[in-house]
């Protein structure tokens with residue numbers, strides 16, 4: 001399974017580059033845990049980490065919606081998506097790998113698109129908000145219905161983090 005995903009990612013990157021003349025150099029590549037991409041492609045792209053509600057895979061797949069939104073835009077984008085289609089936390093070392101992958105790619109990202117869904121607790125997203133509050137690369141979407149909305153709002157105000165009403169508005173800032 002891991003090798004198939006890696007092959008698919010390589011083919012996607014090759015296709016994106018080979019079609020760049022027709023698409024004026026545009027591409028969107030989604031990178032998940034256990035997938036890698038060449039440094040050259042990374043360096044030629046705007047890198048966005050998709051932080052936010054996953055709820056162990058039980059929340060809506062808002063990350064797929066973001067991918068569609070970027071696909072419709074002009075530019076070269078790498079989306080770091082921590083959501084795995086097949087997540088096996090019981091596998092030895094998998095939790096360590098996942099957390100380290102997320103920490104590494106949060107650092108690599110040019111932007112961190114942070115989406116709190118209203119019905120979630122999102123403890124990891126709250127942790128990531130605290131870790132990266134001073135980074136200057138957070139774009140936060142947090143509805144007033146989120147149970148810790150005021151904590152998020154006040155933290156964003158304190159550290160001059162931009163808050164948005166929608167993912168679309170946050171993406172416009174990146175574009």
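Points worth noting:
- Residue ID - modelled with the highest pLDDT, chosen from residues in segment 51-65 that are under 9 Å from residue 83 (Cα atoms) and either in contact with a helix residue (DSSP H, G or I) (Cβ under 9 Å, 6 or more places away or on another chain) or surrounded by 13 or more Cβ atoms within 10 Å (Cβ to Cβ) (or both): 63
- Selection status of residue 69, under 27 Å from residue 27 (Cβ atoms) and touching a strand residue (DSSP E or B) at 6+ places or on another chain (Cβ under 6 Å): no
- Number of positions in segment 112-123 that are touching a residue at least 24 places away in the same chain (Cβ under 8 Å) and either surrounded by fewer than 12 Cβ atoms within 10 Å (Cβ to Cβ) or not in a loop (DSSP other than H, G, I, E, B) (or both): 4
- Selection status of residue 126, touching a strand residue (DSSP E or B) at 6+ places or on another chain (Cβ under 9 Å) and surrounded by 15 or more Cβ atoms within 10 Å (Cβ to Cβ): no
- Some residue of segment 151-162 being buried (at least 18 other Cβ atoms within 10 Å of the Cβ), modelled with pLDDT of 95 or more, part of a helix (DSSP H, G or I) and in contact with a helix residue (DSSP H, G or I) (Cβ under 7 Å, 6 or more places away or on another chain): yes
The values are calculated or read from the model by the stated rules, or taken from the named source; none is laboratory data. Only a predicted model underlies this, so the values are computations on that prediction, with no experimental measurement involved. Quick reminder, even Gly has a Cβ in these numbers, built from the backbone with ideal geometry, and neighbours come from all protein chains shown.
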